[in-house]
Amino acid sequence: EGLHSLMVAAGKLYFGTAMETNNFDDAAYQAIATNKNEFGMFTPENSQKWEVTEPTQNDFSFTQADSIAERVLSNGQLFRCHTLTWHSQLPPFVANGTWTPETLTAVLTAHITTVMQHYAGQCYAWDVVNEALNEDGSLRSSPFLTTLGEAYIPLSFTIAAQADPSTKLYYNDFNLETTPPKTAAALSLVRAVQSAGAPIHGVGFQAHLNVGQTPSRADLAAILTSFTALGVEVAYTELDIAHVAPALPADEAGNAQQAEDYAAVVGSCLDVEACVGVTVWQFTDRYSWVPSTFPGKGEACLWTEGYEKKVAYERVVGLLREA
Ligand code: G3I
């Protein structure tokens, strides 16, 4: 038994993780990743982003993400696809281009359609629009917002639905767990997509959280429920819970708190019927994005750098066993 098999026994679809091609040659990593009791869903951490899949206009490259898809699908695991319309990791031709609404619509349509058709039938879900909101709830600046206005959001979902009608279309963002104006704006965003007549099936809660600053299970469940009330499913899509300096390296009390925080997040998914699963953004500190992006934060994952299970792992497994 493990994270995924226990999640499934608790009535959920999956427990998943981000993975990248640089993790392929690490035997200790792969021993855990290929264990279907532990992980049933994989998200490519970087290799489906626009700068990788279409680095120059109409020049598509799928080798990197294909190798992840083939590996997990041939092992009977699922694939969660990430991401299409995002302000970050854009190739220079998009980031620095001079656009009219017509030319940018054509570029966005070509990108979403080509990438989604390439992976048609392989993705449980796609993060169609990623991180469109600022912390105060306003729309984040991007070439898409500048040129197309807020209509780029329903437009992206409409294009996506035509490209692969078999996958779930998600809006995905961070701090929806902790930042009320952003949470409210995300609810409005879902309603706006629905009012525009575009399909949206899910909302992804990235859940990049901090130890000791994670909301309670009940508060998290209430937030998830405010979204499922709109008729969408929800999932935790990029979960990690970082210790914050000076609490590094983490001590026993810190690790106990991290365990409670992980249990709150996973528990809240159990409490909400339309929460389909939990994905961690790497399962070992060895490959976590956190310390390089946020110096002074770290040890955010369920396994240590040396592949020892943390108390947070044991706590989540214990919680799932009782579910
Ligand atoms: O590919 C280049 C490589 O050629 C170069 O030598 C190297 C030197 O720094 O950089 C490599 O690019 C890095 C890229 O990851 C691929 O490894 C970038 O510097 C690095 O900034 C980038 O970080 C990724 C980040 O997204 C970029 O925004 C992280 O790995 C990835 O975990 C992170 O994931 C995001 C989600 O997609 C969306 N939500 C937030 C989450 C965390 O930031």
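For the pair residue 314 and residue 271, what calculated FRET efficiency results from E = 1/(1 + (r/R0)^6), where r is the Cβ-Cβ distance and R0 = 22 Å, to the nearest 0.05? Before the final figure, lay out each step's value.
Values: r = 21 Å, r/R0 = 0.94.
Efficiency, from the Cβ-Cβ distance: 0.60.
Sorting 153, 223 by accessible area (1.4 Å probe), largest first, what list results? Walk me through the numbers before you get to the answer.
On the way: 153 10, 223 40 Å².
The ranking, largest first, comes out as 223, 153.
With just the Cα atoms defining each centre, how far is region 265-291 from region 300-321? Give it in Å.
12 Å
Per the chain: cysteines with no other Cys C-beta under 4.7 angstrom?
Flagged as lacking a Cys partner: 301.
Rounding to the nearest 10 and keeping the result within 0 to 90°, find how far the Cα-based axis of helix 252-271 lies from the longest principal axis of the chain.
50 degrees
Taking 0.36 nm per intervening residue step and subtracting the Cα-Cα distance, what contour gain separates residue 35 from residue 87 on full extension?
On the way: separation 52, 0.36 × 52 = 18.72 nm, distance 3.44 nm.
Taking residue 35 through residue 87 to full extension adds about 15.3 nm, to one decimal.
What percentage of the solvent-accessible surface of region 3-322, computed with a 1.4 Å probe over protein heavy atoms, is contributed by carbon and sulfur atoms? Could the numbers behind the result be given before it?
Numbers: 6280 of 11990 Å².
That share works out to 52 percent.
Stretch residue 219-residue 24 to full length: gain in nm at 0.36 nm per residue minus the Cα-Cα span? List each step's numbers first, then the result.
Details: separation 195, 0.36 × 195 = 70.20 nm, distance 3.76 nm.
In short, 66.4 nm is gained.
Could you give the size of the charge dipole of region 3-322 about its Cα centre, using +1 on the Cβ of each K and R and -1 on the Cβ of each D and E, expressed in debye and rounded to the nearest 20? Write down the numbers at each step before the final one.
Details: 16 positive and 35 negative charges, 109 e Å.
Taking the Cα centre of region 3-322 as origin, the dipole is about 520 debye.
Could you tell me the accessible area of residue 98 in Å² (1.4 Å probe, neighbours in place), rounded to the nearest ten?
It works out to around 140 Å².
Please identify, among 265, 311, 129, the residue showing maximal mean-square fluctuation in a Gaussian network model of the chain using a 10 angstrom Cα cutoff.
Ranking 265, 311, 129 by mean-square fluctuation puts 311 first.
Hey, which aspartates and glutamates would be in cross-link range of residue 168, C-alpha to C-alpha under 18 Å, not counting anything within fewer than 8 residues on its own chain?
127, 131, 233, 238, 273
Taking the chain as a Gaussian network, where each spring joins two C-alpha atoms under 10 Å apart, which residue of 231, 40, 16 fluctuates the most?
231
Averaged per residue, what accessible area in Å² does the chain show with a 1.4 Å probe, protein chains only? Mind dumping the intermediate values first?
Details: 12190 Å² over 323 residues.
Heavy-atom accessible area per residue stands at 38 Å².
Using only the heavy atoms of the protein chains and a 1.4 Å probe, how would 51, 131 rank by accessible area, largest first? Kindly include the intermediate steps, with their values, before the conclusion.
Details: 51 75, 131 20 Å².
Final ranking, largest accessible area leading: 51, 131.
Within region 3-322, what percent of beta bridges assigned by DSSP are antiparallel, to the nearest 5?
Working: 5 of 39 bridges.
Taking every DSSP beta bridge within region 3-322, about 15 percent pair in antiparallel fashion.
Using a cut-off of 18 Å between alpha-carbon atoms, which aspartates and glutamates can reach residue 309, once sequence neighbours fewer than 8 places away in the same chain are excluded?
1, 26, 38, 240, 251, 252, 260, 261, 285, 299
Could you give the distance between the Cα centres of region 168-245 and region 111-165, to the whole Å?
16 Å
The values are calculated or read from the model by the stated rules, or taken from the named source; none is laboratory data. Source: prediction; values computed, not measured. Glycine gets a Cβ as well: all are built from the backbone with ideal geometry, and neighbour counts include every protein chain shown. Areas reflect the complete protein model, heavy atoms only, side chains present, ligands, DNA and RNA absent. Shrake-Rupley method; radii C 1.70, N 1.55, O 1.52, S 1.80 Å.
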